[in-house]
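**Student:** I'd like to ask you about the structure that follows.
The values are calculated or read from the model by the stated rules, or taken from the named source; none is laboratory data. Since this is a predicted model, take the numbers as computed values, not measurements. Heads up, the Cβs are rebuilt from the backbone with ideal geometry, glycines too, and the neighbour counts pull from every protein chain shown. Just so you know, the surface numbers come from the protein's heavy atoms only, side chains and all, with ligands and any DNA or RNA stripped out. Shrake-Rupley method; radii C 1.70, N 1.55, O 1.52, S 1.80 Å.
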Amino acid sequence: MSCNVLYAGRPDAWPTYEPLLRTALDQAGADAVLRNDFAPEDTDYIVYAPNGPVQDFTPFTRLKAVLSLWAGVEKITPNTTLTQPLCRMVDPGLTEGMVEWVTGHTLRYHLSIDHWITAQNGDWTPRVPPLARERKVAVLGLGALGLACARALAALGFDVTGWSRSPKEAGGITCLNGPAGLTEALSMAEIVILLLPDTPATENTLNADTLALLPKGAKIINPGRGPLIDDTALLAALNSGQVGHATLDVFRTEPLPADHAYWAHPNVTVTPHIAAETRPSTASEAIAENIRRGEAGEPFLHLVDRALGY
Ligand code: NDP
Ligand code: OXD
C-alpha cells in the first residue's frame, strides 16, 4: 500500500519542491503519494520546516516520521506534541555550500583580505601572510557540516583542531572533546568556527571565560546558531581587542534588529543567515531515501536524539 507524504515546508517553495520530491520518490522506489494538503489523519510522513504551516502534531494520528528540511532542529525539539521520529536534514548540497562559505571567510581572515581592500593608497609596505599550515583554526562541532569544513580547511593546509561532544578520529585533524578539550582548542585558535547545534548544553559556548582563552586578536566565524555566543561578552571582547573580528551569520533574534550593536560595530560582519541553504534537488533525494527506508522497515538516517536536542 502506498504512503501519504505531506509537504509542510515554506508554502512558496512548494512549486520548487513538488516536482523534485516526486522524481526523487520515484527514483528511490518509494511507493508514495505527495501532496501539500493531506488531512492530518491521512498523513504518514511530514516534510517539515519551522516556517511551514504545521506546529501542532497532535492530530497526525498515523504519522510515521517528520523529515526536516532544516539541519538545525532547535525550533522543533522542544515541541512536546511531536512523539514520532524526527530526522534532520543532511544534504550534500547544503554541506557544499557551508564548506564554501566557511572556507571563504577563513581565507579572508588568513590572507588579511580586508586590509588589502582598504590599503589601496600607494603604501608599498609588505605584509606577508603566514602559510595556512602556520595558522591554527578551531572548528567547534564535528558533525555533517563541521567535519566537512574541518576537512576542507585541513586540505588547504590549515592546522585544524576540532571539538565535539563524543571522541572522534579524523585524519589530519586534531580531535578533542569535553571541557578540557574546549580549553585546549580555544587556547591556540587564531580563527574559531562554530558549527554546533543550538541545545541547552551548547548555549553560550563562547562566553567571557572562553573568549578570554583565545590568543589576543582571534577571529570568530559563526554559521551555527546565535545562542552559541554570549553577545554581551563578544561585544566586550571586540571592544577590548581580545577578539579581532567576528563574522556572524546567525543570531538570537532574526532578522537581526536594526539597532543591534553588531550592525554598527567596525569589527563585525553580519550576514543574513545565508551561510548554507538546503538545496531542493539534493535535499529531495535525502527525504525520499528516508521515506523509502521507513516503508521498508529500515532505520531512518539522521534521527534526532530528542534528549540531546540534535
Ligand atoms: P550535526 O548534528 O551533524 O553535528 C553537530 C556537532 O556538534 C557534532 O559533532 C556534535 O558532537 C557536536 N556537539 C553537539 N553538542 C555538543 C556539545 N554539548 N559539546 C560539544 N560538541 C557538541 O549538525 P550539522 O553539522 O549538520 O549542523 C550543525 C549546525 O549548523 C546546525 O545545528 C545548525 O544550527 C547550523 N546550520 C546553519 C546553517 C546556516 O545557514 N547558517 C545551515 C545549516 C545548519 P558529536 O559528533 O559528538 O555528536
Ligand atoms: C538550517 C539552516 O538549519 O538553514 O538548515 O540554518
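Every residue, every condition in (1) within 27 Å of Glu100 (Cβ to Cβ); (2) at pLDDT 95 or above; (3) crowded, with 17+ Cβ neighbours inside 10 Å, yes or no:
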site: Thr199; (1), (2), (3): yes, yes, yes
site: Thr210; (1), (2), (3): no, yes, yes
site: Lys216; (1), (2), (3): no, yes, no
site: Leu235; (1), (2), (3): no, yes, yes
site: Val250; (1), (2), (3): yes, yes, yes
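**Student:** Within segment 199-243, how many residues are basic (Lys, Arg) and more than 16 Å from ligand 2 (Cβ to nearest atom)?
**Tutor:** Selection size over segment 199-243: 2.
**Student:** In segment 241-294, what residues are within 16 Å of ligand 1 (Cβ to nearest atom), small (Gly, Ala, Ser) and not in a loop (DSSP other than H, G, I, E, B)?
**Tutor:** Of everything in segment 241-294, those that are within 16 Å of ligand 1 (Cβ to nearest atom), small (Gly, Ala, Ser) and not in a loop (DSSP other than H, G, I, E, B) turn out to be Ala246, Ala283, Ala286.
**Student:** Quick one: is Ala288 more than 22 Å from Ser187 (Cβ to Cβ), more than 16 Å from ligand 2 (Cβ to nearest atom), surrounded by 21 or more Cβ atoms within 10 Å (Cβ to Cβ) and within 22 Å of the chain's Cα centre (by Cα)?
**Tutor:** So Ala288 passes the test.
**Student:** Still on this model: For residues that are surrounded by 20 or more Cβ atoms within 10 Å (Cβ to Cβ) and outside any helix (DSSP H, G or I), tally how many sit in segment 82-114.
**Tutor:** Counting residues in segment 82-114 that are surrounded by 20 or more Cβ atoms within 10 Å (Cβ to Cβ) and outside any helix (DSSP H, G or I) gives 6.
**Student:** Of everything in segment 40-77, what is open to solvent by 60 Å² or more (accessible area, probe 1.4 Å) and in contact (Cβ under 8 Å) with a residue 60 or more places away in the chain? Give them in sequence order.
**Tutor:** Passing the criteria: Lys64, Trp70.
**Student:** Taking the criterion of being of a type in the set (Ser, Thr, Tyr) and either assigned to a helix (DSSP H, G or I) or closer than 22 Å to Glu74 by Cβ (or both), would at least one residue in segment 150-170 satisfy it?
**Tutor:** yes
**Student:** Being modelled with pLDDT of 95 or more and open to solvent by 50 Å² or more (accessible area, probe 1.4 Å) narrows it down to one of Gly141, Gly162, Gly171, Gly146, so name that one.
**Tutor:** Gly171
**Student:** State which residue pairs qualify: first residue in contact (Cβ under 8 Å) with a residue 60 or more places away in the chain and inside segment 273-300, second residue open to solvent by 50 Å² or more (accessible area, probe 1.4 Å) and within 11 Å of ligand 2 (Cβ to nearest atom) in any location, beta carbons under 7 Å apart, and separation of 6 or more residues or different chains.
**Tutor:** These pairs meet every condition: Thr278/Trp70.
**Student:** Restricting segment 1-39 to residues that are farther than 19 Å from Ala49 by Cα and part of a loop (DSSP other than H, G, I, E, B), which is least open to solvent (accessible area, probe 1.4 Å)?
**Tutor:** In this case the residue turns out to be Ala30.
Here is a yes/no grid of residues against (1) of a type in the set (Ser, Thr, Tyr); (2) assigned by TED's automatic domain parsing to the domain that holds His105; (3) open to solvent by less than 40 Å² (accessible area, probe 1.4 Å):
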| site | (1), (2), (3) |
| --- | --- |
| Arg225 | no, yes, yes |
| Ala258 | no, yes, no |
| Ser284 | yes, no, yes |
| Asp305 | no, no, no |
